[in-house]
Amino acid sequence: MFERGSAVQRGQVVAGRIAKVRGLTDVRIGDTIGTPVNEAETHHFAPPTLETVVVPARPQDRGALHLALAHLAEQDPLINVRQDEIRREVSVSLYGEVQKEVIQATLAEDFHVDVTFRETTTICVERLSGTGAAVEIMHEQGNPFLATVGLRVEPAPAGTGVEFGLEVEPGSMPPTFFKAVEDTVRLTLLQGVHGWEISDCTVTMTHSGYAARQSHSHAVFDKSMSSTAGDFRNLTPLVLMSALRQAGTRVYEPMHRFRLEIPADAFGQMVAALARLRAVPQSSESRGSAYVLEGEIPAAMVHGLQRQLPR
């Protein structure tokens with residue numbers, strides 16, 4: 001423990017003290033060490049609600065930029081890096097505009113990579129409107145893969161995540177094929193019908209089938225006659241997207257709660273400004289010569305509100 005400029009070994013660390021601990025593996029920022037007394041004492045960071053594309057000033061720094069951002073994300077789990085293989089772009093999640101400046105300075109000073117940023121966009125999510133199902137049968141027209149996959153998607157309560165289940169016998173296929181389906185389902189749900197992550201739903205496998213391992217006489221394994229995990233990885237996104245389109249999805253944008261204390265003579269002007277920013281005031285209370293106003297505002301409008309407040 002650090003005391004008066006030197007490090008001293010101690011058997012415990014109390015609140016407010018700074019210490020160095022060795023031997024903890026796989027520990028990241030935000031992890032809780034020890035057992036909290038109750039759930040109220042645990043701390044959770046809200047996920048970032050903004051995103052921007054990071055562009056290297058020199059095209060040849062594209063690889064170095066990806067490595068640098070991956071290193072920053074490893075140090076800080078609140079920085080989420082997303083690679084778009086089609087557009088060959090790298091995006092990072094943000095809590096606000098100031099974080100751009102911090103990331104830009106860190107990349108320049110620590111990694112010698114100069115970058116610019118595209119316009120900040122909001123990270124939305126998709127939620128299912130109903131239930132949908134689809135199936136592709138092996139050897140039937142329109143299915144070029146040696147696999148049968150049937151999936152049903154159902155909405156789940158917000159915050160429950162993605163749950164994958166089986167309505168087929170677990171022994172009806174090799175475990176590697178079921179794993180290929182589940183892994184591909186989770187990967188596909190990162191970009192739903194409208195391109196946003198579908199985070200809360202239940203996906204059930206309703207149909208399964210495969211071609212058993214076969215080979216020609218006195219020959220080695222022939223993958224043109226036998227199913228592989230690749231068949232299931234290629235077919236699953238097609239079936240899942242069909243089920244999602246049947247169920248329908250809606251796009252939801254993140255909202256922030258706000259609490260403003262403003263002079264009484266600025267109340268009307270403030271309410272008008274909030275309306276222009278699509279904010280929803282929910283309660284107001286008079287406190288002497290001031291008003292306390294609480295409500296919700298879209299995450300995309302928070303920066304605009306912060307800029308208007310001084311005026």
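Helix 97-111 versus the longest principal axis of the chain: what is the Cα-based angle in degrees, 0 to 90, to the nearest 10? That helix lies at roughly 70 degrees to the long axis. Coordinate range of the alpha-carbon atoms in segment 82-214 per principal axis, descending: 57, 38, 26 Å. Extending 7 Å from the Cα toward the beta-carbon at both Gln104 and Arg82 defines two label points whose distance is 2.2 nm. Close amide H partners of Val115, meaning residues 5 or more places away or on another chain with modelled amide H under 5 Å apart, are Ala57. What the Cβ-Cβ distance of Thr176 and Val21 gives, at R0 = 41 Å and to the nearest 0.05, is a FRET efficiency of 0.55. For the pair Asp183 and Glu3 in one chain, pulling the backbone fully straight at 0.36 nm per residue adds 59.9 nm over the alpha carbon distance.
The distance separating the Cα centre of segment 229-266 from that of segment 62-117 comes to 23 Å.
Highest mean first, how do 234-245, 256-267, 3-14 rank when packing is the count of other Cβ atoms within 10 Å averaged over residues?
Descending mean neighbour count gives 234-245, 256-267, 3-14.
What's the carbon and sulfur percent of the chain's accessible surface, probe 1.4 angstrom, rounded to a whole number? Here carbon and sulfur together make up 52 percent of the probe-accessible area. Local charge for Glu3 was computed over the other residues whose Cβ lies under 10 Å away, with Lys and Arg +1 and Asp and Glu -1, and equals +3.
The calculated FRET efficiency for Ala275 paired with Tyr252, based on their beta-carbon distance and R0 = 25 Å, is about 0.75. The residues of the chain expose, per residue, 64 Å² of accessible area to a 1.4 Å probe.
Relative to the longest principal axis of the Cα atoms of the chain, the long axis of helix 62-75 makes an angle of roughly 70 degrees. Between 0 and 90 degrees, the angle of helix 175-188 with respect to the longest Cα principal axis of the chain falls at about 40 degrees. Here the calculated FRET efficiency for Ala73 and Gln282, from their Cβ-Cβ distance with R0 = 35 Å, stands at 0.50, rounded to the nearest 0.05.
With contacts taken as Cα pairs under 8 Å at a separation of at least 6 residues, the chain carries a relative contact order of 16 percent. For the chain, treating each Cα as an identical point scatterer without solvent, what Debye log10 I(q)/I(0) comes out at q = 0.08, 0.13, 0.14, 0.15 1/Å? Taking Cα atoms of the chain as identical point scatterers yields -0.60, -1.18, -1.22, -1.26. Taking a quarter of the surface of the Cα convex hull of segment 261-311 gives a mean projected area of 3.2 nm². Farthest toward the positive end of the dipole of segment 224-311, out of Leu240, Gly304, Leu293, is the Cα of Leu240, where the dipole comes from beta carbon charges about the Cα centre. Here the peptides 178-190, 50-62 are ranked by packing, the mean other Cβ count within 10 Å, and the order with the highest first is 178-190, 50-62. Among Arg307, Arg82, the sequence by solvent-accessible area, most first, with a 1.4 Å probe is Arg307, Arg82.
Charge tally for Glu89 (other residues, Cβ to Cβ under 10 Å; Lys, Arg +1; Asp, Glu -1): +3. Site pair Ser289 and Arg259 shows an inter-label distance of 2.3 nm when each label is modelled 7 Å from Cα along Cα→Cβ.
The values are calculated or read from the model by the stated rules, or taken from the named source; none is laboratory data. Quick caveat, the model's predicted, so the values are computed rather than measured. We place every Cβ from the backbone using ideal geometry, glycine too, and count neighbours over all the protein chains shown. Ligands, DNA and RNA are stripped out before the accessible areas are found, and what is left, the full protein with its side chains, is counted by its heavy atoms. Shrake-Rupley method; radii C 1.70, N 1.55, O 1.52, S 1.80 Å.
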